[in-house]
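So the structure is just underneath, and the comments pick up after that.
The values are calculated or read from the model by the stated rules, or taken from the named source; none is laboratory data. Remember, predicted model here, so these are calculated numbers, not experimental data. Note: ideal-geometry Cβ built from the backbone for every residue, glycine included; neighbour counts use all protein chains shown. Keep in mind that these areas ignore ligands, DNA and RNA; they rest on the heavy atoms of the full protein, side chains included. Shrake-Rupley method; radii C 1.70, N 1.55, O 1.52, S 1.80 Å.
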Amino acid sequence: MTGRETPRMDPLTAEVVDLIGTMVQRFHQEYDAAAAVHHLTGAQARVLALVSGGPMPMRRIAERLKCEPSNVTGIIDRLEAQGLAERRSDPADRRVKLAVATGAGRDTATRLRESLDFAREPLAALSEHERRALRDLLKRVIDPRPAD
């Protein structure tokens, strides 16, 4: 190899990639269906989940969702119309707008998260040790930098 060539994907890695793709697809299907029960789109539910953990700058939401900030503006507009979120100025920098879940928004986000059955039973079939190992492996795949 010249250093510029990418090694071919071995069959095991290809199988793992396919399995991850299948998991992601199933998760999104269930997430969108659960969101619809709460009269939300999947994107609205994802934003609500993010801001239910605390105030978040609109730009940071866009980064997390890998979308344009203007998309987040529209999503927050619709969540505000439903009384699930609101905008606030950041006390540290009034130019920055924070999205914040209302009490109703936090309740909805909790009910939505609790209604997600995908992987609950399969994961419950794993021992705690196996779930921790899976979690740690997924973290390494997501961020391969060594932990401090």
**Study point:** Cα centroid separation - segment 87-121 against segment 20-46, whole Å
**Key:** 16
Exercise for review: Would you calculate, for the chain, the mean residue ellipticity at 222 nm contributed by helices, counting each DSSP H stretch of 4 or more residues as -39,500 (n - 2.57) and dividing by all residues, to the nearest 500?
Suggested key: -19500 deg cm²/dmol
Point to revise | Quarter of the Cα convex hull surface for segment 83-132, i.e. its orientation-mean projected area (nm²) | key: 5.7
Point to revise | Diffusion constant of segment 1-84 at 25 °C, which comes from Stokes-Einstein with the Kirkwood Cα-pair radius and 0.890 mPa s, µm²/s | key: 160
**Study point:** Calculated over the chain: convex hull of Cα atoms, volume per residue (Å³)
**Key:** 189
Review point. What percent does the relative contact order of segment 1-126 come to when contacts are Cα pairs within less than 8 Å and at least six residues apart?
Key: 25
Point to revise | Dipole axis of the chain (+1 Lys, Arg; -1 Asp, Glu on Cβ), positive-most option in P69, A92, L138 | key: A92
Study note, to complete from the structure: Mean shadow area (nm²) of the C-alpha convex hull around segment 37-106 is 4.4
Check your understanding: Per residue, how much accessible area does segment 34-130 show when a 1.4 Å probe rolls over the protein heavy atoms, in square angstrom?
Key -> 59
Review point. Over the chain, what percent of the accessible surface lies on carbon and sulfur atoms, probe 1.4 Å?
Key: 56
